[in-house]
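The values are calculated or read from the model by the stated rules, or taken from the named source; none is laboratory data. It should be emphasised that the depicted structure is a prediction, and the values quoted were computed from it without experimental measurement. Cβ coordinates were reconstructed from backbone atoms using ideal geometry, including for glycine residues, and neighbour counts include every protein chain displayed.
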Amino acid sequence: MSESGEVRSVMAREDWIDAWFLDIWANASSSSLAEYVSDPFIFHLPGGRRHPLSHESYLSYLLLWRQKFKSVAFSISDVISQPPLTVVRYRCQAQYHGGWFNLPGKKQTIQMTGMIQFRLENGLIVECWLEDSSFELYKRLSG
């Protein structure tokens, strides 16, 4: 593959990763979800939970999450890719406004870290596995 082909490939990869964190997770963008994610897709959570999700149900969840966590900012720490799999390690900072597991909000700034593995088919995210620091965050907010 030519050097310019490599650059386009890297740029395309960065585009969908940025869209996942900055558009879909941080802003619940339905247009980015439609552009980069299959409908339905499979979302795996810690503990082996597996959820087939439609775009509609995932956007509903993201909108609820954004009511509890505002001013969300993501930063990407590492990306490791061996197609069709890509793993991203990230950090998230947000302001907690309450309502998550019935924990009161004090508008405090919170930080989370996590890793998410994506599986792509035909240029779309079809499956992802999430491991994050939600439990640690819960302990900090409840203690």
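Of the listed requirements (1) farther than 18 Å from Phe21 by Cα; (2) of a type in the set (Asp, Glu); (3) touching a residue at least 40 places away in the same chain (Cβ under 8 Å), Glu136 misses just one: (3). Of the strands (runs of 3 or more DSSP E) contained entirely in the range 33-107, those carrying at least 3 residues that are of a type in the set (A, V, I, L, M) fall at 37-45, 69-82, 85-96. Would a scan of the range 110-121 turn up a residue that is of a type outside the set (A, V, I, L, M, F, W, C) and in contact (Cβ under 8 Å) with a residue 40 or more places away in the chain? The answer is yes, given that some residue of the range 110-121 is of a type outside the set (A, V, I, L, M, F, W, C) and in contact (Cβ under 8 Å) with a residue 40 or more places away in the chain.
Cβ-Cβ distances below 7 Å connect the following pairs, each with a first residue in the range 52-72 that is exposed (fewer than 13 other Cβ atoms within 10 Å of the Cβ), a second residue that is of a type in the set (Asp, Glu), and a separation of six or more residues or different chains: Ser54/Asp39.
On the basis of being in contact with a strand residue (DSSP E or B) (Cβ under 7 Å, 6 or more places away or on another chain) and touching a residue at least 12 places away in the same chain (Cβ under 8 Å), does Leu103 make the cut? The answer is no for Leu103. Picking from residues in the range 73-93 that are among the hydrophobic types (A, V, I, L, M, F, W, C) and more than 14 Å from the chain's Cα centre (by Cα), the one that is surrounded by the most Cβ atoms within 10 Å (Cβ to Cβ) is Leu85.
Only one of these is in contact with a strand residue (DSSP E or B) (Cβ under 8 Å, 6 or more places away or on another chain), at pLDDT 95 or above and surrounded by 13 or more Cβ atoms within 10 Å (Cβ to Cβ): Leu137, Leu141, Leu124, Leu45. Name it.
Checking each option against the conditions leaves just Leu124.
Taken over the range 89-138, the residue count meeting the criterion of being aliphatic (A, V, I, L, M) and touching a Gly at 6+ places or on another chain (Cβ under 9 Å) is 1.
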